[in-house]
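K.L.:
Attaching a single structure in structure tokens format; questions to follow.
Nothing in this text is a laboratory measurement; each read-out follows from the coordinates by a stated rule. These numbers come from a predicted model, not from an experiment. Counting neighbours? That spans all protein chains shown, and the Cβs are built from the backbone with ideal geometry, glycine included.
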Amino acid sequence: MNNTSGKKYDYLVVGSGLYGAVFAHEAKAHGKSVLIVDKRPNIAGNVYTENTEGINVHVYGAHIFHTNDKRVWEYITRFAEFNRFTNSPVANYKGELYSLPFNMYTFNKMWGVVTPEEAEAKINEQRGEITGVPKNLEEQAISLVGRDIFEKLIKGYTEKQWGRDCSELPAFIIKRLPFRLTFDNNYFNALYQGIPVGGYTKMVENLIDGIEVRLNTDYLENKAELDALADKVIYTGPIDAYFGYKLGYLEYRSVRFETELLDKPNFQGNAAVNYTDRETPWTRIIEHKWFEFGKDAQGNDLPKTVISREYSSEWKPGDEPYYPVNDEKNGKLYEQYRQLAEKESGVIFGGRLGQYKYYDMDQVIAAALDCCDRELV
Ligand code: FAD
Ligand code: UDP
């Protein structure tokens, strides 16, 4: 059956990540016909989880859902039940363990201070070296928590993650981390937080229930043929790839995951341990079972464990692009691509790669819902 313009589908959604899945769900709910294509062998984009020995493994990196946006929380909980997981990573600096984000436990371990006043006095003493508005991540970090914490918990980790000196990175990246003069290890300042019970893949399956999906299908390699099938395209791949990189490459950070199944019940006692020194080659180790409290779907303790070491690298063609590098240079190039995208009729660019934005999951869902409000009438 064809739509009114004679094409088979109203929408072709490129990418089955959260942006594509939310758009596809809403389009179908508005009576539109939708085809989703994804070049990967699996749905769900970066939030894809895979069950190994009863453990939901976060295949493309650890994902903890957190939001202050009630609309997004009420929306997403229609498709999954969320557990009460609270992210509290531990930092390992050369064998010294610190609590994250920066809070009274961290300050006590770092300086032996006991009260918030003592901690504040110590930080004030150290932040004095920065005068004026912080110009980059290094200055921002020192003015927030002082030099000791910058040197032990921020500098090495950040330089490994971004492959750039902290003085060359934008200040906003570090503002993502809370800083508290209380004994609160919750990594996020969010009203709502958790992990979907049964894994993110199940949640995305629920979102795209009843919608045709073609996996292992690269849109850009089959563009003419796929364009002929639908009136409009929702494109959630990299914006520069869409235009054949004709204005140059946008920079991304890529991540390589080294995942192991271990025949022991407990490797590190926490979902995330960050290695904040410069020498350890990985940025962090994720022990996936702790996102669901070490239990399988029936509530049994799991005898084995799966861990992933994360190695960060500069993206090159052929790698998976994970993190847009939102600095000034890339911002300018993105703006040029955005102007080209605006002129591209019949295509909407969305998501972390389509909009080249360091979006969290909740922001991607909000952006997709906003797009639906404009597009689906
Ligand atoms: P994606 O999930 O990247 O989906 C895009 C899809 O498009 C992919 O499946 C891709 O295969 C497909 N695609 C691309 N090009 C083509 C093409 N040419 N043809 C066909 N298909 C194509 N957010 C949080 O809120 N909490 C976290 O803890 C968190 N942790 C993260 C950890 C890591 C390592 C990373 C990288 C991100 C993390 N995020 C986290 C962010 C989160 O992953 C994103 O906000 C969200 O998944 C982006 O959804 P998306 O649909 O925009 O993109
Ligand atoms: N960061 C750090 N030390 C840590 C964890 C994070 O210096 O132990 C810095 C790092 O620069 C990182 C930023 O804080 O890019 C934001 O961290 P977040 O965990 O939000 O990054 P994500 O991996 O979720 O993008």
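K.L.:
State log₁₀ I(q)/I(0) for segment 1-141 at q = 0.09, 0.12, 0.15, 0.21 Å⁻¹ as given by the Debye formula over alpha-carbon point scatterers of equal weight, solvent excluded.
P.N.:
With one equal scatterer per Cα and no solvent, log10 I(q)/I(0) is -0.56, -0.81, -0.99, -1.30.
K.L.:
A follow-up question, please. Can you give me the relative contact order of segment 164-315 as a percent, contacts being Cα pairs under 8 Å and 6 or more apart?
P.N.:
Working: 135 pairs, mean separation 32.5, N = 152.
Normalised by residue count, the contact order of segment 164-315 is 21 percent.
K.L.:
Build a GNM of the chain with springs between Cα atoms under 10 Å: which of 101, 324, 281 gets the top mean-square fluctuation?
P.N.:
Between 101, 324, 281, it is 281 that shows the largest mean-square fluctuation.
K.L.:
Angle check, please: helix 18-29 long axis (alpha carbons) against the longest principal axis of the chain (alpha carbons), in degrees 0 to 90, nearest 10.
P.N.:
It is inclined by approximately 40 degrees.
K.L.:
Turning to a different aspect of this structure: With a cut-off of 8 Å between alpha carbons and a minimum separation of six or more residues, what is the relative contact order of segment 84-239 in percent?
P.N.:
Values: 158 pairs, mean separation 40.5, N = 156.
Relative contact order for segment 84-239 comes out at 26 percent.
K.L.:
While we're looking at this one, here's another question. Please go through the residue pairs 223/316; 39/202; 70/202; 295/357; 7/316 and name each one whose alpha carbons sit more than 27 Å apart in this structure.
P.N.:
Working: 223/316 23 Å; 39/202 19 Å; 70/202 22 Å; 295/357 35 Å; 7/316 36 Å.
Distance filter (> 27 Å) returns 295/357; 7/316.
K.L.:
With only alpha-carbon atoms counted, please give the Rg and Dmax of the chain, in Å.
P.N.:
22.0, 72
K.L.:
I would also like to ask the following. What translational diffusion coefficient, to the nearest whole µm²/s, does segment 245-284 have by Stokes-Einstein, given a Kirkwood radius computed over alpha-carbon pairs, a temperature of 25 °C and 0.890 mPa s viscosity? Before the final figure, lay out each step's value.
P.N.:
Working: Rh = 13.8 Å.
Reported coefficient: 178 µm²/s.
K.L.:
Further question on the same structure: In terms of modelled amide H atoms, which long-range or inter-chain residues lie less than 5 Å from the amide H of residue 302?
P.N.:
Long-range HN contacts for residue 302: 296.
K.L.:
In addition: Distances over 18 Å make up what percent of all Cα-Cα pairs in segment 12-69? It would help to have the intermediate numbers written out before the result.
P.N.:
Values: 756 of 1653 pairs.
In whole percent, the long-distance tail amounts to 46.
K.L.:
How many percent of Cα pairs in segment 65-189 exceed 26 Å? Please report the intermediate quantities before stating the final value.
P.N.:
Working: 2254 of 7750 pairs.
So the portion of pairs separated by more than 26 Å is 29 percent.
K.L.:
Moving to a separate point now. Taking only Cα atoms, what is the 0 to 90° angle, nearest 10, from helix 116-127's long axis to the longest principal axis of the chain?
P.N.:
Helix 116-127 sits at roughly 80 degrees to that axis.
K.L.:
Pull up the DSSP beta bridges for the chain and report the antiparallel fraction as a percent, rounded to 5.
P.N.:
Values: 32 of 51 bridges.
Counting DSSP beta bridges with both partners in the chain, the antiparallel share is about 65 percent.
K.L.:
OK, next. Mind computing the radius of gyration and Dmax over the alpha-carbon atoms of segment 285-328? Å is fine for both.
P.N.:
16.5, 50
K.L.:
Quick one: putting +1 on the C-beta of Lys and Arg, -1 on the C-beta of Asp and Glu, what dipole do you get for segment 218-286 around its Cα centre, in Debye to the nearest 20? Show your work: numbers first, answer last.
P.N.:
Working: 8 positive and 12 negative charges, 52 e Å.
Here the size comes out at about 240 debye.
K.L.:
Given C-alpha coordinates of segment 303-342, what is the ratio Rg to Rh with the Kirkwood estimate of Rh? Display every interim value, and only then the final one.
P.N.:
Values: Rg = 16.4 Å, Rh = 13.3 Å.
Dividing the radius of gyration by the Kirkwood radius yields 1.23.
K.L.:
A further question follows. Projecting each Cα onto the charge dipole of the chain (Lys/Arg +1, Asp/Glu -1 at the beta carbon, about the Cα centre), which of 126, 191, 303 comes out farthest on the positive side?
P.N.:
Farthest towards the positive pole: 191.
K.L.:
What percent of all Cα-Cα pairs in segment 190-271 falls in each 5 Å bin, counting up from 0?
P.N.:
The distribution over segment 190-271 is 3, 8, 11, 14, 16, 16, 13, 11, 6, 3, 1, given as percents.
K.L.:
Would you kindly give the portion of the calculated P(r) for segment 250-377 that falls above 19 Å, as a percent of all Cα pairs?
P.N.:
Values: 5312 of 8128 pairs.
Above the 19 Å cut-off, segment 250-377 has 65 percent of its Cα pairs.
K.L.:
Here is a follow-up. Search the structure for amide H atoms under 5 Å from the amide H of residue 13, placed 1.01 Å from N in the peptide plane, and list their residues when 5 or more places away or on another chain.
P.N.:
35, 36, 37, 234
K.L.:
Here's a follow-up. For residue 313, which sequence-distant residues (separation of 5 or more, or a different chain) have an amide H within less than 5 Å of its own amide H, given hydrogens modelled in the peptide plane?
P.N.:
Amide H neighbours of residue 313, under 5 Å, 5+ apart: 254, 255, 256.
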